Amino acid sequence: MTQTIDVAVCIIGAGPVGASLATALAAGGLPTAVVDSAPLPPMELPEFDGRAYAIARASRDLLEAAGVWQHLPWAPGPILRIRCADGLPGEAPSPLMLHFDAAEAEAPSAGPFGWMVEARALRVALNARMRELAHLVVRAPARAEVTRTPEGATVRLSTGEVVRARLVVAAEGRRSPLRQQAGIGTAGYDYGQLGIVGAIAHEAPHEGMALEQFLPNGPFAQLPLAPTPEHPNASAIVWSEKRAIAERALALPDAEYGREIQRRMGNHLGKVTPIGRRWSYPLTAMHAMRYTDTRLALVGDAAHGIHPIAGQGLNLGFRDAAALAALLLRGEEDPGSPELLARYQAARRPDALLMLGATHALERLFGNSLPPLRLARRLGMAAVDRMPRLKAAFARRAMGFAGQGLRS
């Protein structure tokens, strides 16, 4: 006999955004299911693999309210300062820099801009929290076949179970099958770049400082990781590079690969040594024409994808989750009603469009080496560095205080 599971919300995709939304809803007492076609990584902590997330302060609010943050296996690394500089590989950066300090942000409360959380640590925390929640059903691995009508949604699982829900949430990433099934179109742009993600050990302590180095072929970011017994001084890197150059860099031996990182990052942390694995992905921008359909909401990469120049891609997805959770947990109406979905879209599309436009403009502005433009942007950064109110506004945006959330 087929088992039927009745929930208010069924989330397809148990990545960071989908799983965080699931925990937020279930923690708030809303019956929720989350389904993923892949098995969740094991609860045992895997080896360090070089991947980490920059979690903004507003995203931490979501994770704390959902009870996830408390399950992180060790304290994450705080981002206390950010330095933005313009330069060329192998050359010293321009002395006309832009410096941000978390104390200048004038945010709701004092504290870091954000925290660097290793991917393996966030996964362990999400898995631990999901196992605790009485109102959450997790099915992974399981394939889902979704049917939506104005009255509700039916999700048939490869396990033989049937989930009946008032709302289905697509959190399956940029190639979202649910988005395609709904006939929701997208607009996109290919930057012709690869993003290289990994980690480095370095001689000097970073003291909580992040670096955003603007280079002609794409930005290079160094982000401070928390110390571990194996690596007391370590940082994550996000390196945007023209595709052909990136492919050659990825194929280099460790020593030469480390030298290429050093040429772009500079010597402020001493000699660097690559650690963990090297990861890469094509850099494109994408935006869904709408975020909703009958009994359907898109969140995270299913709705939008931006250039990593501002490090806000995942945080944008967390803001989707926070806004949708805030609406659903009010309990005032049908979770999948057209009115609620319209409010969700109105809350999220402007923020995502603004961030997409801003990151695209930054990439176009800084992604060239024309001398007049280089001089203008360096002078511009130096000018902003002397404008406390404008710097505070930029800092608030970096912290993620831009949209609705669980505590808005």
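The values are calculated or read from the model by the stated rules, or taken from the named source; none is laboratory data. Because the structure is a prediction, the values reported are computed rather than measured. Virtual Cβ from ideal backbone geometry, glycine too; neighbours counted across all protein chains shown. Side chains included, ligands, DNA and RNA excluded: accessible areas come from the protein's heavy atoms. Shrake-Rupley method; radii C 1.70, N 1.55, O 1.52, S 1.80 Å.
A few points about this structure:
- Selection status of Leu194, within 30 Å of Asn217 (Cβ to Cβ) and either surrounded by 14 or more Cβ atoms within 10 Å (Cβ to Cβ) or at pLDDT below 95 (or both): yes
- Across the range 306-338, the qualifying residues are those that are of a type in the set (S, T, N, Q) and in a loop (DSSP other than H, G, I, E, B), and the one among them that is nearest to Ala8 (Cα to Cα) is Ser337.
- Residue in the range 231-247 that is modelled with pLDDT of 95 or more, of a type in the set (Gly, Ala, Ser), open to solvent by 10 Å² or more (accessible area, probe 1.4 Å) and out of contact with any Asp or Glu (no Cβ under 7 Å at 6 or more places or on another chain) present: yes
- Elements of type strands (runs of 3 or more DSSP E) contained in the range 191-305, each with 2 or more residues being within 18 Å of Glu118 (Cα to Cα) and among the small types (Gly, Ala, Ser): 234-242, 272-288
- Flag for Leu269 being farther than 30 Å from Leu341 by Cβ, free of Cβ contacts under 8 Å to residues at least 60 places away in the same chain, open to solvent by less than 50 Å² (accessible area, probe 1.4 Å) and more than 22 Å from the chain's Cα centre (by Cα): no
- Residues of the range 215-230 that turn out to be within 18 Å of Gln262 (Cα to Cα) and over 20 Å from the mean Cα position of the chain (by Cα), as a count: 3
- Condition broken by His307, with the remaining ones in (1) open to solvent by 40 Å² or more (accessible area, probe 1.4 Å); (2) in contact with a Ser or Thr (Cβ under 7 Å, 6 or more places away or on another chain) satisfied: (1)
- When restricted to residues that are open to solvent by 40 Å² or more (accessible area, probe 1.4 Å) and at pLDDT 95 or above, the range 319-333 contains 1.
- Taking the range 23-34 as the range and being over 20 Å from the mean Cα position of the chain (by Cα) and under 14 Å from Ile12 (Cβ atoms) as the test, the residues that pass are Thr32, Ala33.
- Positions within the range 118-151 being among the small types (Gly, Ala, Ser) and open to solvent by 60 Å² or more (accessible area, probe 1.4 Å), in sequence order: Ala134
- So Tyr291, is it crowded, with 19+ Cβ neighbours inside 10 Å, within 30 Å of Leu25 (Cβ to Cβ) and among the hydroxyl-bearing types (Ser, Thr, Tyr): yes
- Test: residue in the range 297-304 that is surrounded by 23 or more Cβ atoms within 10 Å (Cβ to Cβ) and at positive phi: yes
- Condition check for Leu316: hydrophobic (A, V, I, L, M, F, W, C), touching a residue at least 60 places away in the same chain (Cβ under 8 Å) and open to solvent by less than 10 Å² (accessible area, probe 1.4 Å): no
- Selected residue (only one of Asp49, Asp61, Asp86 is open to solvent by less than 20 Å² (accessible area, probe 1.4 Å) and among the acidic types (Asp, Glu)): Asp86
- Under the condition of being buried (at least 24 other Cβ atoms within 10 Å of the Cβ) and either in contact with a helix residue (DSSP H, G or I) (Cβ under 7 Å, 6 or more places away or on another chain) or modelled with pLDDT under 95 (or both), the residues counted in the range 23-38 number 5.
- Taking the range 152-183 as the range and being in a loop (DSSP other than H, G, I, E, B) and open to solvent by 10 Å² or more (accessible area, probe 1.4 Å) as the test, the residues that pass are Ser158, Thr159, Gly160, Glu161, Arg166, Ala171, Glu172, Gly173, Arg174, Arg175, Ala182, Gly183.
- Residue pairs meeting the criteria (Cβ under 7 Å; at least 6 apart or on separate chains; first on the phi > 0 side of the Ramachandran plot, in the range 145-163; second surrounded by fewer than 18 Cβ atoms within 10 Å (Cβ to Cβ) and part of a loop (DSSP other than H, G, I, E, B)): Gly160/Thr2
- Flag: Leu40 matches the condition of being touching a residue at least 24 places away in the same chain (Cβ under 8 Å), touching a strand residue (DSSP E or B) at 6+ places or on another chain (Cβ under 9 Å) and of a type in the set (A, V, I, L, M, F, W, C).
- Looking across the range 12-37 at every residue that is outside any loop (DSSP other than H, G, I, E, B) and of a type in the set (Gly, Ala, Ser), the one that is farthest from Leu122 (Cα to Cα) is identified as Ala33.
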